[in-house]
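A.B. asks: Dropping a structure here in structure tokens format, bear with me for questions.
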Amino acid sequence: MIEKIYNQRNLIWSIPLSTAVGATILELSLIVYSAYARMIYFFLIAPLACLGILTLLLAFAVDRKGRMCLTLFLGLIAFFLVSIPIVRKSDDVRSTLRWLLWSSSFKEDLLARPAPANGGLKHIEWEATGFAGVADNTLYLVFDPTDSLSPAARNHSPGKYKGLPCEVLQVRRLEDHWYAVRFYTDEIWGERNALDCTGVT
């Protein structure tokens, strides 16, 4: 009898814990390998997870298996408690993980390029997302040998900073001298759109 009660309690917590671990691994893998992780989560993963768990909940409810219903409900809660915060911070998580995994190849690529003729900071397009030329969002990897972007990274605010051609949405420090710089939507380094990103001050 005691063993049966123990096994039932173990079942109640093993599924939610497994769900939380699985959701974390799935989300982090998706974030590392896709710039569209947030969209994939909201339009594919979350609906499929909800549909699957709610279908099982309905089946167990019809069979009057209350303990399994409780276990699956806790699993659904665990899925959302773990995955939503990760997805909300997916841009920062993605930059951090990509930098940890592949920083040496990114550094090699950027440092091999010639210095900009206008005296700006060395940079490469690190990531670009959008839909056929609409709502393009560009993230640049920037090498700043003097760390002049350090205050911009600390203040977490949009602004026009030394070495950058125009006002940017965000500057994020990856490590000493290396920064991820997110431009506003449809703004490209070296081009003129709503902002003039052709020059450097």
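None of the figures in this text is laboratory data; all of them are computed from the coordinates on show. In this text, all values refer to a predicted model and were calculated from it rather than measured experimentally. Glycine also receives a Cβ, built like all others from the backbone with ideal geometry; neighbour counts cover every protein chain displayed.
A.B. asks: Please compute the alpha carbon radius of gyration of the stretch 1-142, then divide it by the globular-protein estimate 2.2 N^0.38 Å. Two decimals is fine.
C.D. replies: Compactness ratio reported: 1.51.
A.B. asks: So for Val171, Val87, Val134, fewest C-beta neighbours within 10 Å to most, what's the order?
C.D. replies: So the ranking, lowest neighbour count to highest, is Val134, Val87, Val171.
A.B. asks: Run lengths n ≥ 4 of DSSP H only: what is the helix-derived mean residue ellipticity at 222 nm for the chain, with -39500 (n - 2.57) per run over all residues, to the nearest 500?
C.D. replies: -17500 deg cm²/dmol
A.B. asks: Give me the number: length gained by fully extending Arg192 to Leu44, i.e. 0.36 nm times residue separation minus the C-alpha to C-alpha distance, one decimal in nm.
C.D. replies: Extra length available between Arg192 and Leu44 comes to 49.7 nm.
A.B. asks: Can you find, among Ser29, Trp13, Phe43, the residue sitting farthest towards the positive end of the charge dipole of the stretch 1-141, where Lys and Arg contribute +1 and Asp and Glu -1 at Cβ?
C.D. replies: Trp13
A.B. asks: How far is helix 46-62 tilted, in degrees, relative to the longest principal axis of the Cα atoms in the chain, given as a value from 0 to 90 rounded to the nearest 10?
C.D. replies: 10 degrees
A.B. asks: If you don't mind, there's one more thing I want to ask. Relative contact order for the stretch 2-88: what is it in percent, counting Cα pairs under 8 Å that are at least 6 residues apart?
C.D. replies: 52 percent
A.B. asks: Would you please give the residues with an amide H less than 5 Å from that of Asp144, counting only those at least 5 places away or on a separate chain, with H modeled from the backbone geometry?
C.D. replies: Close amide H contacts, sequence-distant or interchain: Trp178, Tyr179.
A.B. asks: Sticking with this one: So, with +1 on the Cβ of K and R and -1 on the Cβ of D and E, and no other charges, what is the size of the charge dipole of the stretch 1-124 about its Cα centre, to the nearest 20 debye?
C.D. replies: Value, rounded to 20: 160 debye.
A.B. asks: Shifting gears a bit: I need to check one value: relative contact order of the chain, counting alpha carbon pairs closer than 8 Å and at least 6 residues apart, in percent.
C.D. replies: 16 percent
A.B. asks: Here's something else I'd like to know. For Asp63 and Asp147 in one chain, what is 0.36 nm times their gap in residues minus the Cα-Cα distance, to one decimal in nm?
C.D. replies: Between Asp63 and Asp147, full extension yields 23.9 nm more.
A.B. asks: Nearest 10 degrees is fine. How inclined is helix 90-111 to the longest principal axis of the chain, computing both from alpha carbons?
C.D. replies: Helix 90-111 and the main axis of the chain meet at about 40 degrees.
A.B. asks: Any chance you could count the Lys pairs in the chain whose alpha carbons are under 30 Å apart, treating pairs 8 or more apart or on different chains as valid?
C.D. replies: 10
A.B. asks: Just going by the charge dipole of the chain, with Lys and Arg at +1 and Asp and Glu at -1 on Cβ, which of Gly163, Leu56, Ala78 is farthest out on the positive end?
C.D. replies: So the residue furthest toward the plus end is Leu56.
A.B. asks: Same structure again: Under a Cβ-only charge scheme (Lys and Arg +1, Asp and Glu -1), can you give me the dipole magnitude of the stretch 94-182 about the Cα centre, in debye to the nearest 20?
C.D. replies: 180 debye
A.B. asks: Regarding the stretch 94-182, what are the three Cα extents along the principal axes, ordered largest first, in Å?
C.D. replies: The Cα atoms of the stretch 94-182 stretch 35, 28, 28 Å along their principal axes.
A.B. asks: Over the stretch 94-182, what relative contact order in percent results from Cα pairs under 8 Å that are six or more residues apart?
C.D. replies: Averaging sequence separation for qualifying contacts and normalising by length gives 23 percent for the stretch 94-182.
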